[in-house]
Structures are given as C-alpha cells and as structure tokens.
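Here the structure comes first, spelled out in structure tokens, and everything after it is commentary.
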Amino acid sequence: MATVPQIGRAGIVRGARYDSRFFSTMAVLILVTTVVGFSRTYYLNGLFHAPLPSRIIHLHAVVFTIWILLYVVQTALVPIGKIAIHKRLGMAAFGFACLTVVVGVIAGVDMLVRNDDFGTGLGTRTFFVIPFGQMAIFAPLMLGAFLAPRVPDVHKRLIVIANIALTFAPVARYPLSYILGLAHTDKIFLWFFLALLVGYDLWSMRKIHKATLAGGIFLVVMQHFQIPLGMTSGWIAFAGWAQTVGRALHL
C-alpha cells in the first residue's frame, strides 16, 4: 500500500523536473511550423518585400512573428533560471497578446473588404469565420493563462494550447499541406500537438491535466464548428456588417 503514493510522488517530481524542457520544445516546434508554413509566401520572400495583398497583412505578419518569438523567449527563460525576468516580461507579453488579437481581427476584416476567401470556394463572408474564430479561440485561452500565473501547471498548458490554435494558418499552406497531401491539414496538426501535450501529461503525472483537458476540448470543438457556423444566416449577416465597417474605415 505504501508504494502507491511513492510512485505518484515520483511521477509528479519527474513532471516538475522536465516541464521546462517540454514546454520550451513545444514553443520551438510551433515556431518551426510557423516558419516552414510561411517560408514560401513570406519569410523566404523578402519579409517586408513579400507580395502580400495589403499593408495590414504585412502588419499582421510582423505582429504575429514577434508574438511567436516572444513566446519562445518566455519559455526559454524558465529552464535557465531567469524566472524573475520571465515574470516581468509576462505583463508585456500579455499586452502584446492583446495586440495580436486586435490585429488578427483587423486582418480578417481586410480580407472581407478585398473579397478574398483564399480560393476555398466558401465565399468571403463564410471564410471570415476562420480568422475571426482563431482569435476567438486564442483570446480566452490567453486570458485564462494570464489569470493563473500562480498556478504554473495551468498557466503553461493554456498558453501552449492558445499557440497551437495559431498554427492553423501556416499548416494550411504549402509546403506543409503539400507534404502531407491530405485534406484538413490544420486539424491533423492540431491533434498532433495536442497529442504531444496529452502524452506528456500521462508520462509525467499519470493522468491528463485538467487544463489540458478543458483547453483541448475547447480548441477542438471551436475548430470543428467554425465552418458550420460560418454558413449560418446570422454569421453571414455579421460578416456583411463587418465588411461594411471595414470599407467605411478604408481598410
């Protein structure tokens, strides 16, 4: 009977010991995915000189790139013992996350104004649910992480799930979509990254962490119901209103 709690404690110690390495590795994987996904259209295309459709999309690219780099830096500070810097930078990082959401929504409206559905055939107003939906997933997960700084296990898991949500755009592009040669590449990567997190939880804690379960379910449900929502009359009307506002503001 005494061996059971000992094994449990050993698992918790093992998890605490490797947490920093695991979450730093996840951040790097997300960074690599982003760079590879946007390599052809942005990073290897001259950055600011890349042929993007508008200045807003350039701003969007710069802001999201800085965010991913900031995310990697934040996770890298913990393994090297720079906890104080990590905490101080955390406030700035949250502010930048808010900016990321605002710019992401504006970029989506800019797409509406240009009547661009990226050749999906969904129609611009239906497709608008995707960029808007990514921000609707990212924002509450980041808010939850910000409200739980004193619960590190929750904090770090919600942040990694929030950033998994941002991989939709890069993985849906060449070369990642071409390499896999499969439909719904975004969902394949989503499940892959979530599987890594679940696997780590099971290895380190002998169970799936509540934050992983709640955040993962939220992400999967939101991701899978975006397109059906985008086809409803209510969403089409909302997207039409956003399109009108965008045109009035000359986006």
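The values are calculated or read from the model by the stated rules, or taken from the named source; none is laboratory data. Because the structure is predicted, anything quoted here is derived from the model rather than measured. Positions of Cβ are backbone-derived with ideal geometry, glycine not excepted, and every protein chain shown enters the neighbour counts.
A single entry from Pro79, Pro149, Pro140 fulfils the requirement of being at negative phi and part of a helix (DSSP H, G or I): Pro140. Here Leu31, Leu59, Leu112 are screened, and the one residue that is more than 21 Å from the chain's Cα centre (by Cα) and either modelled with pLDDT of 90 or more or closer than 17 Å to Phe168 by Cβ (or both) is Leu112. Restricting attention to the stretch 40-51, does a residue exist that is at pLDDT 90 or above, assigned to a helix (DSSP H, G or I) and more than 28 Å from Leu197 (Cα to Cα)? Among the residues of the stretch 40-51, not one is at pLDDT 90 or above, assigned to a helix (DSSP H, G or I) and more than 28 Å from Leu197 (Cα to Cα), which makes the answer no. Among the candidates Ile208, Ile217, the residue that is surrounded by 14 or more Cβ atoms within 10 Å (Cβ to Cβ) and either closer than 30 Å to Ile30 by Cα or among the β-branched types (Val, Ile, Thr) (or both) is uniquely Ile208.
Name the residue that is farthest from Leu70 (Cα to Cα), counting only residues in the stretch 118-161 that are buried (at least 16 other Cβ atoms within 10 Å of the Cβ) and among the basic types (Lys, Arg). Per the stated criteria, the residue is Arg125. Of the residues contained in the stretch 55-73, one or more are found to be closer than 19 Å to Ser24 by Cα and without any contact (Cβ under 8 Å) to a residue 24 or more places away in the chain. Taking the criterion of being among the charged types (D, E, K, R) and outside any helix (DSSP H, G or I), would at least one residue in the stretch 85-99 satisfy it? No, the stretch 85-99 contains no residue that is among the charged types (D, E, K, R) and outside any helix (DSSP H, G or I).
Each residue in the stretch 193-239 was checked for being aromatic (Phe, Trp, Tyr), within 17 Å of the chain's Cα centre (by Cα) and within 14 Å of Phe22 (Cβ to Cβ), and 1 pass.
Residues in the stretch 231-251 that are without any contact (Cβ under 8 Å) to a residue 12 or more places away in the chain, surrounded by fewer than 14 Cβ atoms within 10 Å (Cβ to Cβ) and among the hydrophobic types (A, V, I, L, M, F, W, C): Ala237, Trp241, Ala248, Leu249.
Restricting the stretch 157-209 to residues that are β-branched (Val, Ile, Thr) and touching a Leu at 6+ places or on another chain (Cβ under 8 Å) leaves a set whose member that is modelled with the lowest pLDDT is Thr185.
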